[in-house]
Amino acid sequence: MTRFKELDPILHSQLRLAVVSLLIGIEMAEFTYLREQTGATAGNLSIQITKLKEAGYIEVTKKFRNNYPQTLCSITKLGRQKFAEYVNDLKDYLNPDQKQ
């Protein structure tokens, strides 16, 4: 029997996984874009972005654009690595009898 790896608890949250999945493809996104794409509330998204930032999976840059605050999120090297590991671990769950 195959031993299953524990899935990364940071990425195993649906909203955090969605944020990282979006950033993998575009590398940097505004908070408003992430909110629109995920359908999350601003408050919930803010909390989940903070958790990803504290884990080192994303970087958050705050600045002003046309006198309005702008929050930009980008994926880190660690975030890319952890996402790849998470996907591979999920593959093990889907194909427990096959070696990767």
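Laboratory data are not the source of any read-out in this text; all were calculated from the coordinates shown. Computed from a predicted model, the values in this text were never measured in an experiment. Note that we place each Cβ from the backbone using ideal geometry, even for glycine, and neighbour counts take in every protein chain shown.
Of note:
- Within the listed set 80, 65, 16, the Gaussian network model of the chain (springs between alpha-carbon atoms below 10 Å) gives the highest mean-square fluctuation for 65.
- Most mobile listed residue (63, 51, 82) in the chain, GNM with C-alpha springs under 10 Å: 63
- Measuring r between the beta carbons of residue 53 and residue 7 and using R0 = 25 Å, the FRET efficiency lands at 0.80.
- Residue with peak Gaussian network fluctuation, the chain [Cα springs, cutoff 10 Å], from 24, 47, 75: 47
- Here is how the number arises for the chain: DSSP H runs of 4 or more residues each give -39500 (n - 2.57), the sum is divided by the residue count, and the result at 222 nm is -16500 deg cm²/dmol.
- Full extension of the chain segment joining residue 90 with residue 36 gains 16.8 nm, where the gain is 0.36 nm per residue of separation less the Cα-Cα distance.
- Calculated FRET efficiency, residue 21 to residue 68, Cβ-Cβ distance, R0 = 22 Å: about 0.25 to the nearest 0.05.
- Annotation note: chymotrypsin sites (Phe, Trp or Tyr not before Pro) in the stretch 1-64 located in DSSP loop regions with a Cβ neighbour count of at most 14 within 10 Å are 4.
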